[in-house]
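The structure under discussion appears below in the form of structure tokens.
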Amino acid sequence: MGSNFISQLLDLIASPYGLVSITIALLVVYQARRSRRLAWLLFTLCCFAASIAKYQNKWIKQAPPLVFPLEQLRNVGRPLAIILLCCLLLLGFLTQNGWRRWLTPQPLKYLILVQIVIFFKTLVYGNIGFAFLAVLTFGAVVLMVRLGPSRWLQDEQNFYLAVWSLAMVGVIFVIVNAYQALFDVYAITFVHGWFLGTSGNPIHAAVLLAATIPCFMFLIESRKEAGWEKACWMVGLILVMIALFLTGSRTGIIMGAVSILFFYRQRAGNLLRLGIFVGVVLAVISPFLSQDGSGWGTSYTAATDKFLSGTNTREGVWLALWNQFINYPLFGVPLQGERLGYGESSWLAAGANLGLLGFLPLVMFGLECLKMILQLNKLTHKNPIYFLQSSTVIAGLASLLVGSFSEAFLLGNLTFSLLALLMYLSLGKYLIEVDSIENVYLYWQTLQNQAV
């Protein structure tokens with residue numbers, strides 16, 4: 001972000017494309033007041049826009065261009081995400097209150113404290129403009145989720161649509177990159193042959209794909225009878241898993257495995273059937289991928305080689321972060337440059353860059369997430385009717401928590417991983433609140449029966 005981002009945003013707003021986009025967005029907001037599915041679709045588009053980025057490092061300054069209109073979208077990905085965020089905020093302000101009163105999940109309060117520490121450290125030692133822009137962006141994201149998606153969660157239909165909206169991010173990501181692959185596979189696999197798609201790097205693509213897996217499984221399992229819709233979600237899950245493998249990300253594979261194991265933790269039969277089905281499909285597809293001449297063969301080989309190599313690419317970074325934390329335990333390592341830079345771990349990065357002031361709130365965030373997971377697991381035993389809903393949230397939170405040990409996405413302010421995390425927390429908060437209301441109702445019903 002910074003001055004470059006602000007100029008991008010202003011240029012987009014002033015351009016014909018920007019004016020048309022804003023007009024369409026406002027019309028969508030107006031229609032979304034009457035159509036909840038359209039409102040959730042707007043959230044989907046914001047999540048996807050937040051995932052769009054260009055890969056850059058000290059060796060690669062310019063990523064290969066994408067085909068029209070994907071390159072144009074990538075060039076304005078961040079401003080587009082901000083515009084969609086503002087539309088969701090507007091829609092949130094226009095949303096009326098329902099029966100729920102506590103819309104902010106407890107873990108989020110500690111994540112806000114972490115961002116406050118980041119803000120003050122950047123404000124004092126870094127770029128003042130960037131500090132305010134980052135904290136305002138994070139605040140807007142939190143407010144949007146509270147006023148919009150979290151407040152929309154008033155019934156089972158909106159729970160379904162919330163899960164559907166996250167799954168649709170995976171669907172759009174796969175479709176968009178399949179479209180790109182028809183013209184040029186190299187542009188989305190140029191980083192050592194690993195699949196990164198329209199995201200910033202293969203790991204970001206892997207986190208996006210892995211985070212949507214619980215949603216696909218919910219949509220599949222919620223359909224008891226076979227049909228075209230269930231078949232479509234199964235195809236989507238398979239394509240997401242194939243794309244996840246092609247990223248070559250071991251973090252992503254672990255996240256995906258955690259999602260599946262936690263989702264089917266009490267249904268070994270379903271887990272076995274899913275494993276056999278996916279295994280057979282991958283066994284059939286693998287020979288075609290490995291021999292494909294369009295570029296996917298190279299990506300398949302590169303991903304396979306990485307998984308089989310067994311090399312530890314994070315040990316050096318983690319050790320450096322740990323040493324920084326030990327040397328600067330209270331406030332973190334002195335800021336170099338205008339903004340904080342994070343290594344490949346949310347937890348170690350918080351300790352190294354923020355010291356105990358940022359690390360302790362993040363630990364409390366993690367503990368509150370684990371508390372929510374335990375509450376939801378207890379809910380599945382007490383009320384099996386909520387098994388699929390609770391399992392989806394448990395699988396999503398567990399997957400993101402595991403991934404956060406290898407990636408610093410817990411410290412972001414407008415990313416798909418953050419939006420997905422906030423959505424899973426909101427879904428979990430809704431289920432816990434529903435259970436609490438039902439307990440109160442049963443209590444009063446028992447008292448009335450005793451009085452009679």
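The values are calculated or read from the model by the stated rules, or taken from the named source; none is laboratory data. This one's a predicted model, so the numbers in the text were calculated from it and none came from an experiment. As a convention, Cβ positions derive from the backbone with ideal geometry for all residues, glycine included, and neighbour counts pool all protein chains shown. We work out accessible area using only protein heavy atoms, side chains counted, and drop any ligands, DNA or RNA first. Shrake-Rupley method; radii C 1.70, N 1.55, O 1.52, S 1.80 Å.
Expressed in whole Å with the largest first, what are the equivalent ellipsoid semi-axes of the chain derived from the C-alpha gyration tensor as the square root of 5 times each eigenvalue?
32, 28, 25
On a straight-distance basis, which aspartates and glutamates could pair with K230 in a cross-link, Cα separation under 19 angstrom, same-chain partners fewer than 8 positions away excluded?
Candidates past the 8-residue exclusion: E156, E221.
Mind running the shape call on region 303-452? Use the C-alpha gyration tensor, a ≥ b ≥ c as the square roots of the eigenvalues: rounded below 1.5 for a/c, prolate if a/b tops b/c, oblate otherwise.
Note, shape of region 303-452 comes out prolate.
At a 1.4 Å probe radius, which order do V363, V434 fall into by accessible area, largest first?
Ranking V363, V434 by accessible area, largest first, yields V363, V434.
By accessible area of protein heavy atoms, probe 1.4 Å, what ranking do D435, D184, D305 get, highest first?
D305, D184, D435
Taking R0 as 41 Å, what FRET efficiency do you get between E71 and Q31 from their Cβ-Cβ distance, rounded to the nearest 0.05?
Approximately 0.90, to the nearest 0.05.
Loop-only check: which chymotrypsin sites (Phe, Trp or Tyr not before Pro) in region 40-126 are DSSP coil with at most 12 other Cβ within 10 angstrom?
Here the sparse-neighbourhood loop sites are W59, W99, W102.
Taking all protein chains as present, what is the carbon and sulfur share of the accessible area of the chain, in % to the nearest whole number, probe 1.4 Å?
That fraction is 67 percent.
Taking only protein heavy atoms into account and a 1.4 Å probe, give the accessible area per residue of region 351-428 in Å².
Each residue of region 351-428 exposes 28 Å² on average to a 1.4 Å probe.
Which of L376, G403, S165 sits farthest toward the positive end of the charge dipole of the chain, with +1 on the Cβ of Lys and Arg and -1 on the Cβ of Asp and Glu?
The one lying farthest along the dipole's positive direction is L376.
Write down Rg/Rh for region 5-148, rounded to two decimals, with Rg from the C-alpha atoms and Rh from the Kirkwood relation over Cα pairs.
1.00
Calculate the dipole size of the chain relative to its Cα centre from +1 charges on Lys and Arg beta carbons and -1 charges on Asp and Glu beta carbons; express the result in debye to the nearest 20.
The calculation lands at about 600 debye.
Over region 197-268, average the accessible area per residue using a 1.4 Å probe and give it in Å², no decimals.
36 Å²
Hey, what did the chain get for relative contact order, percent, Cα under 8 Å, at least 6 apart?
20 percent
How large is the accessible surface of K382 in square angstrom, using a 1.4 angstrom probe and rounding to the nearest 10?
Answer for K382: close to 110 Å² accessible.
Quote the accessible area belonging to R250 in square angstrom, nearest 10, computed with a 1.4 Å probe and with ligands, DNA and RNA left uncounted.
60 Å²
Excluding same-chain residues fewer than 8 positions from K371, which lysines have a Cα within less than 27 Å of its Cα?
Partners within reach: K109, K382, K429.
So what is the accessible area of region 59-178 per residue, in Å², with the probe set to 1.4 Å?
43 Å²
Could you calculate the FRET efficiency of Q336 with D155 from 1/(1 + (r/R0)^6), where r is the beta carbon distance between them and R0 is 60 Å, rounded to 0.05?
FRET efficiency, Q336 to D155: 0.75.
What is the list of residues in region 140-162 whose amide nitrogen lies under 19 Å from a point 7 angstrom out from the Cα of L123, following Cα to Cβ?
140-143
Subtracting the Cα-Cα distance from 0.36 nm times the residue separation, let me have the gained length for F183 to H381 in nm, one decimal.
Between F183 and H381, full extension yields 66.3 nm more.
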